[in-house]
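Down below is the structure, laid out as C-alpha cells.
The values are calculated or read from the model by the stated rules, or taken from the named source; none is laboratory data. Bear in mind the structure is a predicted one, so any value in this text is a computation, not a measurement. Cβ coordinates were reconstructed from backbone atoms using ideal geometry, including for glycine residues, and neighbour counts include every protein chain displayed.
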2 protein chains.
Amino acid sequence: MSFSDHIRICNSYDPARALPLLAGNRRIGLLRRDNAEMLRRFPDVFCVTADAVRLVAQGDPAAVSRAVDAVVDALVSEQWLPRWRDETFDVAPRWGEAPVLRLDRGAVPFFGTRAYGVHLNGYRRKGDDLYLWIGRRASDKRIAPNKLDNLVAGGIGNGHGVVDTLIKEAEEEASIPASLSKTATPAGAVSYRMENRLGIRDDVLFVYDIETPADFAPKCNDGEIAEFTLMPATAVLERVRDTRDFKFNVNLVILDFAVRHGLLRPDDAEYLEIVTGLHRPID
Amino acid sequence: MSFSDHIRICNSYDPARALPLLAGNRRIGLLRRDNAEMLRRFPDVFCVTADAVRLVAQGDPAAVSRAVDAVVDALVSEQWLPRWRDETFDVAPRWGEAPVLRLDRGAVPFFGTRAYGVHLNGYRRKGDDLYLWIGRRASDKRIAPNKLDNLVAGGIGNGHGVVDTLIKEAEEEASIPASLSKTATPAGAVSYRMENRLGIRDDVLFVYDIETPADFAPKCNDGEIAEFTLMPATAVLERVRDTRDFKFNVNLVILDFAVRHGLLRPDDAEYLEIVTGLHRPID
C-alpha cells in the first residue's frame, strides 16, 4: 500500500461505464449501465436511452419520491438492493439546492446520487506530539465492520444540516456533549467517486477538527463504535500508509488532516498527488 | 466578483488550444498552438508535429539547457519573450524528479512548464479574532504591481528546496529571521492552470502558515513589498470576494487558508466549489 493507493481506491469510477441520471436537464445521479438496464421495466418512472436515464415521474418531491420508492421496493424484493428504511437522503443537482426527491440510503449507490457526510477529527496535543482519537467500528456494521474510523462520522440525512448531523452523531456515537461538539471547526471537504458492487458512490465528506480537552475521553453510546483509542498521529499515518485497517474513505479524511497540520511535508514523494487527489471536482 | 470567480480566472487553460511538450515519452510542458508554431524555425531543438512538440536537443541537462536557451535568446531578441536572467527554473516531468533542463523564468509560460512557488500566510490571534499579514507589492514589480500579497511568496528557483526558498524569501522580502520562519508549518498546496498573454502558467504553490508573535512585525527589505498591514481576516476575505485587489493567485492561497481555518463554512453556497477548485490535478 501507499498513501495514494487509498485515493485511487476511492476514485475507481470509470465514466465509460455509467450514464447520467437526469431530472429535466440537470444531472442528479450516475447509473452504471447494468443498473440503468434494470430500470427499463419501469417506464412510468424512468426513460432509459442510449446516453442517459431520465426521471419521468411527475409531481412534487413527495410524489416523485413515492414513485421512485416503488421501484426501489421492487428491486429490494428481488434482492438487487438492500434497504435501510430508517434513513433517506435528499437528492438534488447541487449542494444547497431544493431536493428533487428523497431516496432510501440503501439505494443511493444504485442511482449514483451524491451523498454528503460529516467526519470529525478529534485530536489532542501532548507537548509537541499530536494524538488522534480513533474509533473501531462495531462488528455488526453493514459497511466496513471492525474497520478503524474517525472520532465521529455520519451521513447527512434529509432535512438535516451539516452541524446538526455532527452534533447528533457526536452524542450518539461518542457521548460528546453538544457544548463540546459545537466547538468543532470546519476545515474543508474530501470528495471522491467510487464504483462498488451496488453502483457508484459520489461522496462529499465535510471535514471538521476538534481539539479535545485533557480531561475528556469519548465513550461508546449507540453501539456503532466498539472502542476509542488515542493514537499518536504518526502511528495513525503509518497505519494508513501500510494497511487497509481504516474504513476506505477515512484514509482520505486522515490524509487531509495530515496535510493541513503539517504531518505530511512537500518532500514526501506523494505530497502533490495527495493534496490534489483528495478533492475530486463536484461536476 | 465572487470567491469562485478567482478560481475560474486562474483556471482559464483550454486543452484545445495547447499541445504537449514532450521529452522522450514524458510531458514536460504545454505549448499554446501559436507558440508551438514559432518553434518550427528551430528543428535542431524542437520537432513540431500536429499533436505534440518534441524536445530533440540531445545531451545532459546542461547541454539541453544551452540549446533551449539559444531558442529563448532568439525569441527574446524579437521581443516575443521577456528575459529574467537572474533566475532559472528546473523543468522535470514531475515534482522531485531529476530536471531535463533549466529554463529562464521569463520563458516558463511560453513553454508551459510547471512552476513551483511557496506562499506563507502570516496570522495573529487577538482574542477570538484572526488577523492576516498582507503585503502590498512594489509599483515596479514585473508581475502584478501594487497588488496585495501574502506575507511572503516566491518562485522556487533551480537547485532550491521549498523550505530553503521560504526562509530566503522571508528574510529578503519581510526581514523575518530564519529562527522564526523555520517555525512555519506546511499546510498543503494550491494548483491551477491559466492561459495568459505569454502562454500557459501551470503552477503549484506550496502553502505554509505561521502564527507570528505579538511583538513581531514584518519589515520591507529588498523593495519587493512596499508595505505590510495586519488586516482582520474577515476583511481580507470580503476584499477577496469583492475586488481584484489581490494578485490573481494570492486570492486562491487566502481561500485555502479560510477553508482550513473555518473562516468559510459549509453553508456558504460556494463552499464545495472553492474546496474542490483550489487543487487542480497535477496531470
All but one of (1) in contact (Cβ under 8 Å) with a residue 60 or more places away in the chain; (2) hydrophobic (A, V, I, L, M, F, W, C); (3) within 14 Å of chain A (Cβ to nearest Cβ); (4) surrounded by fewer than 18 Cβ atoms within 10 Å (Cβ to Cβ) hold for B:A138; which doesn't? (3)
Within region A:239-252, which residues are away from every other protein chain (no Cβ under 14 Å) and in a helix (DSSP H, G or I)? A:R239, A:V240, A:R241, A:D242, A:F248, A:N249, A:V250, A:N251
Which numbered condition trips up A:L205, out of (1) of a type in the set (A, V, I, L, M, F, W, C); (2) crowded, with 22+ Cβ neighbours inside 10 Å; (3) assigned to a helix (DSSP H, G or I)? (3)
Among the residues of region B:216-238, write down those that are assigned to a helix (DSSP H, G or I) and either under 21 Å from the mean Cα position of the chain (by Cα) or surrounded by fewer than 15 Cβ atoms within 10 Å (Cβ to Cβ) (or both). B:T234, B:A235, B:V236, B:L237, B:E238
Give region B:77-110 a look and list any residue that's more than 15 Å from the chain's Cα centre (by Cα) and among the aromatic types (F, W, Y), or say none. B:W80, B:W84
Hits in region A:173-183 (condition: in contact with a strand residue (DSSP E or B) (Cβ under 9 Å, 6 or more places away or on another chain), of a type in the set (A, V, I, L, M) and either part of a helix (DSSP H, G or I) or surrounded by fewer than 24 Cβ atoms within 10 Å (Cβ to Cβ) (or both)): A:A174, A:L180
Residue by residue through region A:186-237, note down the ones that are away from chain B (no Cβ under 14 Å), modelled with pLDDT of 95 or more and at positive phi. A:G199
Answer yes or no as to whether A:Y131 is of a type outside the set (S, T, N, Q) and within 13 Å of another protein chain (Cβ to nearest Cβ). no
Which residues, counting only those in region B:55-101, are assigned to a helix (DSSP H, G or I), of a type in the set (S, T, Y) and surrounded by 14 or more Cβ atoms within 10 Å (Cβ to Cβ)? B:S65
For residues in region A:274-283 being more than 7 Å from chain B (Cβ to nearest Cβ) and over 20 Å from B:V163 (Cβ atoms), which is surrounded by the fewest Cβ atoms within 10 Å (Cβ to Cβ)? A:D283
Count - residues of region A:253-272 that are among the charged types (D, E, K, R), surrounded by fewer than 22 Cβ atoms within 10 Å (Cβ to Cβ) and more than 7 Å from chain B (Cβ to nearest Cβ): 3
